[in-house]
Amino acid sequence: MDMKKVNVGYIFYGGKLSQEEKLFLREAKKKNINLILFNAGKKIEDEEIEERARKCDIIFNNSAEEFAIELVKTFEELGKKVIDSSQAYYYTEDKWMFFVKCQEHGIPTPKTNLLSQNLNVLKKELEEFNCWPVILKRIEGACGDYVEKAKNYKEALRVIKKFREKGGRNLPIIAQELIKSPSYRVLVIDGKVVQTAIKRNKSWKATGVYGKKFRKFKIDEELDGIIKKLTKAMKIRVCGIDLLKKNGKWVVLEVNSAPGLDFFKGERKMLIGKILDLLRKQVI
């Protein structure tokens, strides 16, 4: 029996179609899904956004770029359902709010502290935090940007000064304990774990683009409970969860919206298919 035609808006970012966009287009055609593309990297007139949005049954955002998130908010104002919603991004893109949400729901995370914008207060906070070496992060940043390690108090102040001078935005900074552990990635689509990967690298930065070698691992009962609690709390449908192990226990480092699907090249089509199935299910 033929499947009903579904029109899906697809937000991406780039100068041209990447291999991933081409795969989405190819797999969508097989499932009788018409992808309506929105390139967040190019200027789209307001009238064009509204006109094309009206044709969409649902919209999928496959970019973590700031402008893409603004498009998500725009589509929601136009009454369109977006996977994932701007509410989900609020907790995944702001590292401090993510920590607060995890604390609220009893989800284990590294020890974390929001540092004051006042330098004198900040110095005292670092002394009281007393986790050396310490990881310093701006509350916003992707692919390991604005994330550095400081081995002592003096070095921490130097990193903070660099963050404040770089990029033109004086965003708040968090201090976080360094946990020596491989990075464990879990990919979740519609509440189900569809892929796992242990990311190993010689650098202390093992997440994101810094992980170079991957192998799979099994989900134990403890981790299964954390994943269910986390995705429910964040109200997120498609995400990559980065975890560490501290004293043999799971700790959630972060949740990535618009996660990479290319850890294992042979599984990419399968993952795209599951995302398309989720989108169709939300419409039919």
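Taking into account only those residues within the stretch 168-180 that are loosely packed, with under 14 Cβ neighbours inside 10 Å and touching a strand residue (DSSP E or B) at 6+ places or on another chain (Cβ under 9 Å), which is farthest from GLY225 (Cα to Cα)? Per the stated criteria, the residue is ARG169. Tell me yes or no: at least one residue of the stretch 114-124 is in contact with a strand residue (DSSP E or B) (Cβ under 6 Å, 6 or more places away or on another chain) and in a helix (DSSP H, G or I). Within the stretch 114-124, not a single residue is in contact with a strand residue (DSSP E or B) (Cβ under 6 Å, 6 or more places away or on another chain) and in a helix (DSSP H, G or I).
Just one residue in the set LYS22, LYS73 is within 20 Å of LEU271 (Cα to Cα), of a type in the set (Lys, Arg) and assigned to a helix (DSSP H, G or I); that residue is LYS22. Is it the case, given these coordinates, that ILE227 is part of a loop (DSSP other than H, G, I, E, B) and either of a type in the set (Asp, Glu) or in contact with a strand residue (DSSP E or B) (Cβ under 8 Å, 6 or more places away or on another chain) (or both)? Taking the combined requirement at face value, the residue does not satisfy it. Screening ASN152 against (1) within 18 Å of the chain's Cα centre (by Cα); (2) over 27 Å from MET234 (Cα atoms) leaves a single unmet condition, (1). Among residues that are closer than 17 Å to PRO259 by Cα, touching a residue at least 24 places away in the same chain (Cβ under 8 Å), surrounded by fewer than 21 Cβ atoms within 10 Å (Cβ to Cβ) and among the aliphatic types (A, V, I, L, M), ALA64 is included. For first residues located in the stretch 34-49 and in the same structural domain as LEU71 (by TED's automatic domain parsing), partners that are in a loop (DSSP other than H, G, I, E, B) and among the small types (Gly, Ala, Ser) and lie 6+ apart or on another chain with Cβ distances below 6 Å form the pairs ALA40/SER63; GLY41/GLY14.
Candidates are the residues of the stretch 242-271 that are surrounded by fewer than 20 Cβ atoms within 10 Å (Cβ to Cβ) and part of a helix (DSSP H, G or I); the one that is farthest from the chain's Cα centre (by Cα) is GLY266. Within the span defined as the stretch 34-44, every residue fails to be of a type in the set (Val, Ile, Thr), assigned to a helix (DSSP H, G or I) and either in contact with a Phe, Trp or Tyr (Cβ under 6 Å, 6 or more places away or on another chain) or surrounded by fewer than 17 Cβ atoms within 10 Å (Cβ to Cβ) (or both).
Taking the numbered list (1) within 21 Å of SER257 (Cβ to Cβ); (2) outside any helix (DSSP H, G or I); (3) at pLDDT 95 or above in turn, GLY144 passes all entries but (3). Is it true that some residue in the stretch 77-87 is in the same structural domain as CYS56 (by TED's automatic domain parsing), surrounded by 19 or more Cβ atoms within 10 Å (Cβ to Cβ) and not in a loop (DSSP other than H, G, I, E, B)? Yes, the stretch 77-87 has at least one match. Among the residues of the stretch 219-241, is there at least one that is buried (at least 20 other Cβ atoms within 10 Å of the Cβ), in contact with a Pro (Cβ under 6 Å, 6 or more places away or on another chain) and aliphatic (A, V, I, L, M)? No: the stretch 219-241 contains no residue that is buried (at least 20 other Cβ atoms within 10 Å of the Cβ), in contact with a Pro (Cβ under 6 Å, 6 or more places away or on another chain) and aliphatic (A, V, I, L, M).
The values are calculated or read from the model by the stated rules, or taken from the named source; none is laboratory data. These figures come from a predicted structure and were not determined experimentally. Virtual Cβ from ideal backbone geometry, glycine too; neighbours counted across all protein chains shown.
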